[in-house]
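Q: Please find one structure pasted underneath; my questions will follow.
The values are calculated or read from the model by the stated rules, or taken from the named source; none is laboratory data. This structure is a prediction, so every number in the text was calculated from the model and none was measured. Note: ideal-geometry Cβ built from the backbone for every residue, glycine included; neighbour counts use all protein chains shown.
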Amino acid sequence: MHEYESRAAKLAARLLVGNPWIAMLVSRATRALHSAAHPTHPHPGHFMVDEFRKFITRGNVLDLAVGIVIGAAFTGVVQSFVNDVLMPPIGLVLGGVDFSELYLHLGRGAFPTRAAAVEAGAPIISYGLFINNVIAFLITAFAVFLIIKAYQRTRPPEAPPAAAEKQCPFCYSSIHLAAIRCPHCTSDVSGLPSQQA
């Protein structure tokens, strides 16, 4: 909360803690009213610059930027894996089948190749290119799956999280680990050993 927000706005924000959107709207409305009532306050654009600076320096945005850069570099690795490692054996197995020349001509006349139909400006449906793109997508997705599986095998297993709940021996409800009384059946569970739910 900013120092210039009124007590009523703070109270409303506390009452509406469960809904952050309403709390944000109340906060912004209070700021707008305050800046209108006090013209000596900095320009409203100043707040936008501060908010933008806070947004940019948050960890999530930086993580996203790093992910995009690594993803762009990873695209070259995946394309090389698909084109140079996976496609040659698949092409050998399929006997060099090329779906790119398959098309459906919607107009009159005949064309020997798809390229000739495109050059003539004929209306065609290039379903062969679509088939090629679907096959390339499936192969790329499988290649990414194989690379991620190999990466996951090299990572050490993560430790399981510490237990935060235990089970009430009377009503078998899950309760907080530090609870001394079950909130469901009100039984005393302070002297009992901790069990995971």
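Matching residues to (1) of a type in the set (D, E, K, R); (2) closer than 30 Å to Asp84 by Cβ:
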position: Phe137; (1), (2): no, yes
position: Ala150; (1), (2): no, yes
position: Glu158; (1), (2): yes, no
position: Ala164; (1), (2): no, no
position: Ser174; (1), (2): no, no
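Q: Still on this structure: Within the range 97-133, track down each residue that is aromatic (Phe, Trp, Tyr) and at pLDDT 80 or above.
A: Filtering the range 97-133 down to residues aromatic (Phe, Trp, Tyr) leaves 99, 103, 111, 127, 130.
Those that are aromatic (Phe, Trp, Tyr) and at pLDDT 80 or above: Tyr103, Phe111, Tyr127, Phe130.
Q: Find the residue count for the range 51-97, including only residues that are surrounded by 10 or more Cβ atoms within 10 Å (Cβ to Cβ), of a type in the set (Asp, Glu) and either assigned by TED's automatic domain parsing to the domain that holds Phe142 or within 18 Å of the chain's Cα centre (by Cα) (or both).
A: Counting residues in the range 51-97 that are surrounded by 10 or more Cβ atoms within 10 Å (Cβ to Cβ), of a type in the set (Asp, Glu) and either assigned by TED's automatic domain parsing to the domain that holds Phe142 or within 18 Å of the chain's Cα centre (by Cα) (or both) gives 1.
Q: Only one of Tyr127, Tyr103 is in contact with a Lys or Arg (Cβ under 6 Å, 6 or more places away or on another chain), under 30 Å from Ser80 (Cβ atoms) and surrounded by 12 or more Cβ atoms within 10 Å (Cβ to Cβ); which?
A: Values: Tyr127 fails: in contact with a Lys or Arg (Cβ under 6 Å, 6 or more places away or on another chain).
Just one listed residue meets the conditions, Tyr103.
Q: Just to be sure before I move on: is Tyr172 under 24 Å from Gly71 (Cβ atoms) and aromatic (Phe, Trp, Tyr) in the structure I sent?
A: On the way: under 24 Å from Gly71 (Cβ atoms): no; aromatic (Phe, Trp, Tyr): yes.
Criteria not met by Tyr172.
Q: Based on this model, can you work out whether Ala162 counts as loosely packed, with under 11 Cβ neighbours inside 10 Å, aliphatic (A, V, I, L, M), on the phi < 0 side of the Ramachandran plot and free of Cβ contacts under 8 Å to residues at least 40 places away in the same chain?
A: Numbers: loosely packed, with under 11 Cβ neighbours inside 10 Å: yes; aliphatic (A, V, I, L, M): yes; on the phi < 0 side of the Ramachandran plot: yes; free of Cβ contacts under 8 Å to residues at least 40 places away in the same chain: yes.
Answer is yes for this residue.
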